[in-house]
1. Place a +1 charge on the Cβ of each Lys and Arg in the range 181-295 and a -1 charge on the Cβ of each Asp and Glu, then give the dipole magnitude about the Cα centre in debye, rounded to the nearest 20.
2. Can you give the accessible area per residue of the chain, in Å², using a 1.4 Å probe?
3. Taking θ as phi - 60°, what are the ³J(HN,Hα) couplings along the range 290-295 by the Karplus curve (6.51, -1.76, 1.60), each to the nearest whole Hz, with x for Gly and Pro?
4. Which of the residue pairs 154/269; 43/139; 212/269 have a Cα-Cα distance greater than 31 Å in the structure shown?
5. Nearest 500 deg cm²/dmol is fine: what mean residue ellipticity at 222 nm does the chain get from its DSSP H runs of n ≥ 4 alone, each adding -39,500 (n - 2.57), divided by its residue count?
6. What are the DSSP H helices in the chain that stretch 30 Å or more along their long axis, judged by alpha-carbon atoms, and whose average Kyte-Doolittle hydropathy comes to at least -1.0?
7. Suppose every Lys and Arg Cβ carries +1 and every Asp and Glu Cβ carries -1, with no other charges. What dipole size does the range 88-168 come out with about its Cα centre, to the nearest 20 debye?
8. State to the nearest 20 debye the size of the charge dipole of the chain about its Cα centre, where the only charges are +1 on K and R beta carbons and -1 on D and E beta carbons.
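The values are calculated or read from the model by the stated rules, or taken from the named source; none is laboratory data. Because the structure is a prediction, the values reported are computed rather than measured. Here Cβ is always computed from backbone atoms with ideal geometry, including for glycine, and neighbour counts include all displayed protein chains. We work out accessible area using only protein heavy atoms, side chains counted, and drop any ligands, DNA or RNA first. Shrake-Rupley method; radii C 1.70, N 1.55, O 1.52, S 1.80 Å.
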Amino acid sequence: MRYILVLGYVFILITSWAGFHSEKLLPPIYDSKYVDVSTVKFKEDQFHVIYLKRDSNRVKAKYFAASDYNGNNVFQRYKKWSAGKNIILVSSGTYMDYDGVPVGLTIDNGVMVNKNLAKIFDALVVVYANGGITVTNLKDGDLKLKGNGADTAKKYDLRKSAWDLQAFTKWSESHEATVFQTHLLVYKNKLTISFMNANPAVNPRRFLAIGKDRNGKGVHAIIQSTAYTTLYDGAKRTLDFLNQMKGMEVVSMINLDTGDQDVFKFFEKDGTVNKTIKGARELDAAVNLLTYYFQ
């Protein structure tokens, strides 16, 4: 019996050693020098921050705006697309009406979803097929396009010119771009949301900030605050935090929905799910999804 017990212990030790070393040999899903995550206390607030360095174009974005023509919902589309990809994070995006249609101009991978330009949202977000993101202020009327066939010198005013709007939608469709509207909270490092006309509801907040770090390199930041604030207060506190604590120049900052579709999941570099920075609902509850991945 003693020999059987000894052999049993040896077997356990060997399998444990093999399991430990097999885990150590698993490759990371992304290079941590491009993705930095931290929890920071600033004044009375605590922020969870995920910095995504964009200077080498290794970190890319993809947006799923709506169900496709084959009846596949956003989660089904994401699940199929994400197979074999190194996903960094997934988040709910912008707002939907009661019929599940995205509010405002929406083009999904070149397919028109909603052609109506909403007056209530000044941020027009363009997610390029190559994984880049541009946010423009519709009030300024100075959208510029990139890519083959685009007049890069022209400024498009989508609100005042029907021709510009038509040209932009044709360009988006031909370049398989994804376009949506949302609240523009910060533009050119200044608040664009007003205390007087902001929604007074208090909620936890999640924002996407696009800008430059202290060294002038491109960075995207997902900031999540568990403090219940109005949209105005949350945006102001977050801008102060990014400017003063992180030295980030914020070119634009938009709101990511934390209401009925509060979906968020962040993956550590070993592929495990971070249990601290998360949304209230699972991915299959999302009606649109913003995802970042590493390539």
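1. Value, rounded to 20: 420 debye.
2. 53 Å²
3. 9, 10, 10, 9, 10, 9
4. Too far apart for the 31 Å limit: 154/269; 43/139.
5. Value at 222 nm, helices only: -6000 deg cm²/dmol.
6. Span-like helices, by this rule, are 2-24.
7. So the magnitude is around 240 debye.
8. The dipole magnitude comes to about 700 debye.
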